[in-house]
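See below for the structure under consideration.
A short reminder: the numbers here are calculations on the coordinates, not readings from a lab. Keep in mind that this is a model prediction, so the values were computed, not measured. All Cβ positions, even for glycine, are placed from backbone atoms using ideal geometry, and neighbour counts span all protein chains on display.
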Amino acid sequence: MLSELEYEQVFHAESQGDDRYCINLPGAQWRFIAERGIWGWLWIDAQTLRCADEPVLAQTLLMQLKQVLSMSDATVAEHMQDLYATLLGDLQLLKARRGLSASDLINLNADRLQCLLSGHPKFVFNKGRRGWGKEALERYAPEYANTFRLHWLAVKREHMISGAVITRWIFISC
């Protein structure tokens, strides 16, 4: 979250020298070691992340960001749900990647490789999947690598009949 929001210029990480940085939030100060990537992205060494004497918890940071991002309690709650789903997905990815070498990854087929990718690196909760429970995640989320069959139905527009509740345009927009 810190990397993405700093990249999006929500706040600025102040360089302390020697790849050390500090981000000041209302009532909190986050310190860490990081390197700036080619596009300015901060690659934070997670082992160095500190926030005063508090445990380094993602939900703590999210609560500290509430004021900075002008979030309502309802918005924070939604983001907490997305945060936990993303963390659960990330743990599943770590488990799935365990023991794989670079050579193993290179030799994977494209579908299997897609199941091991992290998702969009510059999207804070890239595995949020609102409304999905654990069963749906295990069945459909790519990091669980389960297969399922999609059923498609094609109908020419001139053969489509719709009623008053669902118009053709509502159906097409879904």
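What pairs come up if the first residue lies in the stretch 76-89 and is free of Cβ contacts under 8 Å to residues at least 24 places away in the same chain, the second is assigned to a helix (DSSP H, G or I) and of a type in the set (Lys, Arg), and their beta carbons are under 9 Å apart, counting only those six or more places apart or on different chains?
VAL76/LYS66
Do the conditions hold for SER103, that is, is it among the small types (Gly, Ala, Ser) and under 30 Å from GLU135 (Cβ atoms)?
Working: among the small types (Gly, Ala, Ser): yes; under 30 Å from GLU135 (Cβ atoms): no.
Spelling it out, it is not the case that SER103 is among the small types (Gly, Ala, Ser) and under 30 Å from GLU135 (Cβ atoms).
What about GLY119, is it in contact (Cβ under 8 Å) with a residue 12 or more places away in the chain, under 17 Å from the mean Cα position of the chain (by Cα) and farther than 22 Å from THR75 by Cα? Can you show your working first?
Details: in contact (Cβ under 8 Å) with a residue 12 or more places away in the chain: yes; under 17 Å from the mean Cα position of the chain (by Cα): yes; farther than 22 Å from THR75 by Cα: yes.
For GLY119, the condition - in contact (Cβ under 8 Å) with a residue 12 or more places away in the chain, under 17 Å from the mean Cα position of the chain (by Cα) and farther than 22 Å from THR75 by Cα - is met.
Considering only residues that are over 17 Å from VAL124 (Cβ atoms) and in contact with a Lys or Arg (Cβ under 8 Å, 6 or more places away or on another chain), look in the stretch 8-31 and name the one that is surrounded by the fewest Cβ atoms within 10 Å (Cβ to Cβ).
Among residues in the stretch 8-31 that are over 17 Å from VAL124 (Cβ atoms) and in contact with a Lys or Arg (Cβ under 8 Å, 6 or more places away or on another chain), the one surrounded by the fewest Cβ atoms within 10 Å (Cβ to Cβ) is GLN16.
Taking VAL76 as the residue in question, decide whether it is assigned to a helix (DSSP H, G or I), under 21 Å from MET1 (Cβ atoms) and among the β-branched types (Val, Ile, Thr).
For VAL76, the condition - assigned to a helix (DSSP H, G or I), under 21 Å from MET1 (Cβ atoms) and among the β-branched types (Val, Ile, Thr) - is met.
Among the residues of the stretch 15-41, which ones are over 24 Å from MET71 (Cα atoms) and part of a strand (DSSP E or B)?
SER15, GLN16, GLY17, ARG20, TYR21, PHE32, ILE33, ALA34, GLU35, ARG36
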